[in-house]
Amino acid sequence: MTIEQPIISIQEATKIYGGGFLSTSNPIVALDRFSLDIFESQAKIITIAGESGSGKTTLANLVLGFIPASSGKIVYKGVDVSTMTRAQRRTYRKEVQAIFQDPYEVYNPFFRVSHIFSMIVRHFNLAKNRNDARALIEDALNVVGLRGSEILEKYPHQLSGGQRQRVMVARAYMLRPRLIVADEPVSAVDASLRAMILDIMLKLRDQHHISFLYITHDLSTAYQISDVMYVLFQGTTVERGSTGMIIENPRHPYVQQLIDSIPVPDPKVKWHTHISLPAEEVMRMKSSTGCRFYQRCTQHMDLCTRSFPPYTRIKDGHEVACYLYQPIAEPQQAG
């Protein structure tokens, strides 16, 4: 029996900022030993969730090759991304695409929307002639519910926020990627457009077998569309597994607080928005040990400060990094 190899394997990826030879600041760990395997035959939407500063965007930037890892590695089809040849990196950039929170920031305002697509067609040699290129572009736009006659001759500022975001999705889809890194793709649009973009993501997963790394702080949208969830806190993975299991039965105290913070759709229930947090950046230092949620946890123990908790399996596909779930060793009887 042949064991399938992951198309992308993130292995103990760590990113540390500061603390260099000439730096006077302490090193800060933005992402700490993150691991994840993505398989081509099992297209999934994988949510990376957490509050601001948890390391979500750092992970996205590492996967997209925008920044190098301090340690660990990202392997694509058996090749370390950091050691790829120019040809291998070109293929990687074609097959691993991105959707950003605000596409207006990545569009050149001096070029029409058609330029966004034609540039991709030329750069990756996607079509033999102009007619083939136009057919390819129209097909990509149709997937996201747009028509070339309506938007291609417009400038980015003439499009609505929802149209700009769908153009970004169409541009990524046109390359037929194996993975799309979606960094907060629906946070800047209204509810109706949010639902439309989420539906497009599901369609790309189910009909075109494209996996997503869905970066978000919005657990409600993650619950709607994602298969697997990794919850980050200050760069560490505190809980991982099936999205349904985590949302419906969170185990880590931090994840429980995240779920409890979602407002109830009942005007009679007051939503307490004032949160007082202790100073905790010391827990992100390179030299720190233990659980980084210690100072905010109501159930912490002395053991939590000594070493990072090992992952405990709750059920198949559901693991939590918390000493509360570690089996208690039975005392040995005297001989």
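Taken together, the criteria exclude P6 from residues that are over 24 Å from M229 (Cα atoms), more than 14 Å from the chain's Cα centre (by Cα), at pLDDT below 95 and not hydroxyl-bearing (S, T, Y). Beta carbons closer than 6 Å, at least 6 apart along the sequence or on distinct chains, never pair a first residue in the range 140-151 that is crowded, with 19+ Cβ neighbours inside 10 Å with a second that is outside any loop (DSSP other than H, G, I, E, B) and of a type in the set (S, T, N, Q). Among residues belonging to the range 55-73 that are in contact (Cβ under 8 Å) with a residue 60 or more places away in the chain and over 15 Å from the mean Cα position of the chain (by Cα), point out the one that is farthest from L31 (Cα to Cα). Among residues in the range 55-73 that are in contact (Cβ under 8 Å) with a residue 60 or more places away in the chain and over 15 Å from the mean Cα position of the chain (by Cα), the one farthest from L31 (Cα to Cα) is K73. Here K94 meets each of (1) surrounded by 16 or more Cβ atoms within 10 Å (Cβ to Cβ); (2) closer than 30 Å to C291 by Cβ with one exception, condition (2). Within the range 74-116, the set of residues being over 17 Å from the mean Cα position of the chain (by Cα), assigned to a helix (DSSP H, G or I) and not charged (D, E, K, R) comprises V81, S82, T83, A87, Q88, T91, Y92, Y104, V113, S114, H115, I116. Select from the range 211-232 the residues that are surrounded by fewer than 23 Cβ atoms within 10 Å (Cβ to Cβ) and assigned to a loop (DSSP other than H, G, I, E, B) and write down the one among them that is modelled with the highest pLDDT. Per the criteria, the residue is D227.
Of the residues making up the range 289-317, those that are part of a loop (DSSP other than H, G, I, E, B) and in contact (Cβ under 8 Å) with a residue 24 or more places away in the chain are C291, R292, F293, C297, T298, Q299, F308, G317. One residue alone among A43, A60, A69, A98 is at pLDDT 90 or above, touching a His at 6+ places or on another chain (Cβ under 6 Å) and either under 27 Å from V231 (Cβ atoms) or not small (G, A, S) (or both), and that residue is A43. Taking the condition of a type in the set (A, V, I, L, M, F, W, C), surrounded by 15 or more Cβ atoms within 10 Å (Cβ to Cβ) and farther than 22 Å from H123 by Cβ, does V29 pass? Considered against the rule, which asks whether it is of a type in the set (A, V, I, L, M, F, W, C), surrounded by 15 or more Cβ atoms within 10 Å (Cβ to Cβ) and farther than 22 Å from H123 by Cβ, V29 comes out as yes.
Candidates are the residues of the range 233-256 that are in a helix (DSSP H, G or I) and in contact (Cβ under 8 Å) with a residue 12 or more places away in the chain; the one that is surrounded by the fewest Cβ atoms within 10 Å (Cβ to Cβ) is G244.
Table: residues versus (1) on the phi < 0 side of the Ramachandran plot; (2) touching a Cys at 6+ places or on another chain (Cβ under 7 Å); (3) of a type in the set (A, V, I, L, M, F, W, C).
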position	(1), (2), (3)
I45	yes, no, yes
G72	no, no, no
T85	yes, no, no
Q101	yes, no, no
N108	yes, no, no
F117	yes, no, yes
L126	yes, no, yes
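The values are calculated or read from the model by the stated rules, or taken from the named source; none is laboratory data. Worth saying up front: this structure is predicted, and the values here are computed from it rather than measured. Reconstructed Cβ throughout: ideal geometry from the backbone, glycine too, with neighbour counts over all protein chains shown.
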